[in-house]
Each structure stands twice: as structure tokens, then as C-alpha cells.
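Below is one structure; the comments refer to it alone.
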Amino acid sequence: MGGLEALRTRLLPLFLTVTFLLGSACHALAADEHNPTEPTPELLSALHHGGFVLYLRHGPTDTHIPDQVPVNFDDCATQRPLSDEGRQVMEGVAKHLARHDWPLEAPIRVSPFCRARETARIVLPTQEYVIDDLLRYTAAMTNDEKRPVIENTGKMLALPVEGNVNRLIVAHGPNLADLMNYFPPEGTLVIFSPLGEEGYLYRASIPPDLWPSLDLHHAFEQ
């Protein structure tokens, strides 16, 4: 009995330390996930070495043309499209991404909606992409319909990236809102660190109007 009591006495401080660290980590995840921040120079540099997940919300859309219900993925006329201004915005994002030249995993994963596919073609015209039906727009879905999409999105954010590349996903804002209560503006690039079974860690967001200041830092580095 004395031996068990002595063992418990020795292990208790370790247990309390681990519990504190886990609790702190979970608190940090919850706090960081919902507060958009700008990427640090160190994070921008780290993207050149790969290992991150980049989630790009499609470009600005024409809200006067809503999605039809049900939507036909093969008919873009049944879907809310990119606006002419949105296309110009994403052409600008494409130029900024080209300047930074972060390595990307192939193929990139894209929602079946036309506005996401067009965004992918504008931003990365030479990049191979694959349509992932479980990245589709969740806003018009029931909770049961959303569940597999939200689970798939979380999996894609958490799955470690192999090699010196970054995973790129082109999808929708409501999907992230359902997953982590964060609704990024259209055209925003959101950066995550995948943590495998532990989930993912939100790192930073790059809305379209932030790119010029990041380019200045990139030019200074070179």
C-alpha cells in the first residue's frame, strides 16, 4: 500500500503538468481559431518549405444571382457566379501568389461549384485540380447533409502534408463557419497547420487587399 501511495505521489505532479499543458493548448486553439490575424514574416517564409494547408475561399460573387435549389453542378447558370469585379480581384491574387511561389501539392482540391472551379482556373491556371464533392457549399444544406462535408473539410485541414509542399483547397466560407465559427471574406486565403489526430491549428488569413503589403516584405527578403 505504501508503495502505491509513493508512486501516486511521484506521478501526481506529472499528471497535473500534462493536464495543464493540454488545457492550455486547447484554449489556445479555441482562441486563435476565431480571431483572424495577419501572417508573420516567419510564417510566410515557412510556407516555402511546405507542410501547411491553404484554404482559399472563392472570389467575390454576383449576389444578384442566387444559387437555385437544387443546384445543378453541370450547369453554371443554376449557381451564383463570380462577378466581373471578382474575376479581376482573383487575377490580382494570382499575380501575388505567383510572386511568392509557394510549392503546392498536386492536385489541388476544389469544390464542385462553378465559382470555386473558376477561381481555381484563374488563380492557378496551370495547376492540376480534382473536384471533391465533399467540399461543396453548405449554406443551403440540412444539418444531416452538412455533416459529411464538415467532417471532410476538417479531415483535409488536419491531414499532414507529405513532402515539401502545401495542400491547397478552394471552397466556400460557410464551410469554415460551420467547422470553426470563422467566415472569411470572399477571395481570402486561410493558412492552417495540420496536426493529424490532434486536428489543425489556424495560423493566419490573407484577404485580397492585404497581398500588396506582403509582396513588399517578399521583395525585401530577396
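From the convex hull of the Cα coordinates of segment 166-206, what is the mean projected area in square nanometres?
On the way: hull surface 12.2 nm².
Averaged projected area of segment 166-206's Cα convex hull equals 3.1 nm².
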TODO: Note down the nm distance, to one decimal, between modelled labels 7 Å out along Cα→Cβ at Asn143 and at Asp209.
DONE: 3.7 nm
- [ ] Kindly provide the GluC sites (Glu not before Pro) of segment 106-175 that DSSP labels as loop, not H, G, I, E or B, and whose Cβ sees at most 14 other Cβ atoms within 10 Å.
- [x] Glu128, Glu162
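Can you give me the accessible area per residue for segment 31-85, using a 1.4 Å probe, in Å²?
Numbers: 3000 Å² over 55 residues.
Roughly 55 Å² per residue, with all protein chains present.
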- [ ] Express the Stokes-Einstein translational diffusion coefficient of segment 87-214 in µm² s⁻¹, to the nearest whole number, given a Kirkwood radius over alpha-carbon pairs, 37 °C and a viscosity of 0.692 mPa s.
- [x] 217 µm²/s
Open item on the list: Suppose all protein chains stay in the model; what accessible area per residue would a 1.4 Å probe give for segment 113-214, in Å²?
Closed with: 44 Å²
Open item on the list: Can you compute the equivalent ellipsoid semi-axes for segment 29-143, i.e. the square root of 5 times each eigenvalue of the Cα gyration tensor, sorted largest first and rounded to whole Å?
Closed with: 27, 18, 15
Open item on the list: Give me the extension gain from Ala98 to Asp62: residue separation times 0.36 nm, minus the current Cα-Cα distance, reported in nm with one decimal.
Closed with: 10.4 nm
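The values are calculated or read from the model by the stated rules, or taken from the named source; none is laboratory data. The model shown is predicted, which means the values in this text are computed figures rather than measured ones. Here the Cβ is made from the backbone with ideal geometry for all residues, glycine too, and neighbour counts use every protein chain on show. Remember, those area values only see protein heavy atoms, side chains included, never the ligands or the DNA or RNA. Shrake-Rupley method; radii C 1.70, N 1.55, O 1.52, S 1.80 Å.
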